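Worksheet for the structure shown next.
Readers should treat all values here as calculations from the given coordinates under stated rules, not as data from a laboratory. Computed from a prediction, not measured in an experiment: that's the story for all the values here. Reconstructed Cβ throughout: ideal geometry from the backbone, glycine too, with neighbour counts over all protein chains shown.
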Amino acid sequence: MRMKIELSAVALAFASASGSAAAAPAFSTFVSSSDLDAVLSNHATIGFAYAGDKFVGSVYFGANNNQLYSTNLNGTGVAKFGAPVAGFSGEVYVSSSLGIGGFGPRDVYAGSEGVGTVYRFAHDGSSQGVFASGLVGGVRSIAFDPYGLYGNNMIVATHSGNVYSVSNTGVASLIAAVGADTEGISFAPQAFGSFAAGTLFVASEGLGTLTAISPGGVKTTVVSGLSLPEMVSFVPLNLGSSGNPVEGFYAASYPNNIQHSPASDFAPYIGDAIITGEGGSPVYDIRWDAGSQQFVTTIIATFPGQAEDGIFVTADIIATNPVPEPRTYALMLAGLGVVGWATRRRARG
């Protein structure tokens with residue numbers, strides 16, 4: 001487990017994206033361990049995704065590790081979703097399609113660190129099956145390109161650091177090889193430094209980096225020295241605009257529950273990249289500073305537990321079948337989860 005943080009690159013202070021003092025985002029329990037235990041006999045939360053009229057998640061090793069669950073939009077009403085998936089083990093990542101690029105609206109997709117296969121579940125959980133296979137390395141992250149730079153395809157990152165583009169027919173093409181375990185995926189909702197709106201960014205726990213990947217596969221490391229970065233998610237430009245209380249930030253807090261932070265808590269960080277780290281549970285804000293012409297990294301909060309997968313839910317995400325607008329639509333993404341077997345044993349110990 002790599003715990004080193006390069007203090008020269010990371011400001012250990014609470015600050016807003018504009019540099020002025022800002023209150024740290026506050027977290028509260030959204031899905032309780034008792035509700036999860038009642039249905040799954042397991043509350044070691046890992047995956048979590050918004051699927052329109054529900055949330056869908058997963059739990060770690062033990063009972064029902066290969067069984068997804070759903071909740072209502074209040075975080076209650078926990079129920080099993082779909083059927084157990086043979087071969088799924090360890091960390092199971094969950095995502096939901098956006099209804100663009102030929103993918104059905106709010107179908108659920110899941111992958112396991114144990115195999116290089118993505119499963120598709122019908123939105124209501126009534127059917128399921130293999131969607132894409134042959135991915136090198138266990139599945140660590142699944143996202144959907146909302147802007148079109150990557151063909152509105154599914155993007156998948158793996159334990160070996162491979163990043164794939166997967167078409168709506170399940171055909172996978174390698175975009176880039178990061179070189180180490182890669183969990184977080186997100187797309188910039190606006191220009192981020194010299195990178196165009198819609199650019200893909202990945203966080204690698206194995207390297208402690210945030211890297212931009214162009215549609216042609218060119219890799220550019222923009223931040224290093226992060227403490228076991230787990231998930232990356234850009235703060236949407238219209239976060240909180242609907243007034244719907246469902247808007248906000250959600251993330252699995254291993255090994256206990258799901259945590260939530262209201263949209264207003266991230267208002268100072270609109271357009272920035274938010275990364276959670278497993279080493280010490282930092283919540284990083286990464287922004288482009290036009291004055292210094294460099295990326296500035298700040299720790300803005302400490303997550304209540306070991307951060308796993310998470311998402312931002314916005315007005316656009318709440319829409320049944322959103323049409324992406326480069327400056328107003330932002331992807332709900334989350335980074336991916338992992339520390340590997342040794343880290344898990346420590347976390348459980």
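The figures follow:
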read-out: Amide hydrogen neighbours beyond the local backbone of residue 278, cut-off 5 Å, H modeled; value: 230
read-out: Sequence-distant residues sharing a close amide H with residue 96 (under 5 Å, placed H); value: 109
read-out: Residue-by-residue Karplus 3J(HN,Hα) for region 218-231, coefficients 6.51, -1.76, 1.60, Hz, glycine and proline x; value: 6, 9, 9, 6, 9, 9, 10, x, 6, 8, 6, x, 9, 9
read-out: Residue range of the chain that is longest and free of trypsin sites (Lys or Arg not before Pro) which are both DSSP loop and sparsely packed (at most 15 other C-beta within 10 Å); value: 5-326
read-out: Nonlocal amide H pairs with residue 140, under 5 Å, H built at 1.01 Å; value: 157, 158, 159
read-out: Structure-derived mean projected area of the Cα convex hull in nm²: which label, when the choices are (i) 19.3; (ii) 14.8; (iii) 17.1; value: (ii)
read-out: Ranked 298, 45, criterion: other C-beta atoms within 10 Å, fewest first; value: 298, 45
read-out: Calculated [θ] (222 nm, deg cm²/dmol) that DSSP helices of n ≥ 4 give over the chain, each run adding -39,500 (n - 2.57); value: -1500 deg cm²/dmol
read-out: Whether region 139-204 is rounded, prolate or oblate, judged on the alpha carbon gyration tensor where a/c under 1.5 counts as rounded; value: oblate
read-out: For region 270-282, 3J(HN,Hα) per residue [Karplus equation, 6.51 cos²θ - 1.76 cosθ + 1.60, θ = phi - 60°, Hz, x = Gly/Pro]; value: 3, x, 7, 9, 10, 10, 9, x, 7, x, x, 6, x
read-out: Additional length obtainable on full extension of the chain from residue 38 to residue 292, 0.36 nm per residue less Cα span; value: 86.2 nm
read-out: Vicinal HN-Hα couplings computed from phi for region 235-243 (Karplus, 6.51 cos²θ - 1.76 cosθ + 1.60; Hz; Gly/Pro x); value: 6, x, 5, 10, 4, x, 5, 7, x
read-out: Chain lengthening between residue 73 and residue 124 when straightened (0.36 nm per residue, less Cα-Cα); value: 16.9 nm
read-out: Ranked list, fewest to most other Cβ atoms within 10 Å of each Cβ, for 247, 230, 278; value: 247, 278, 230
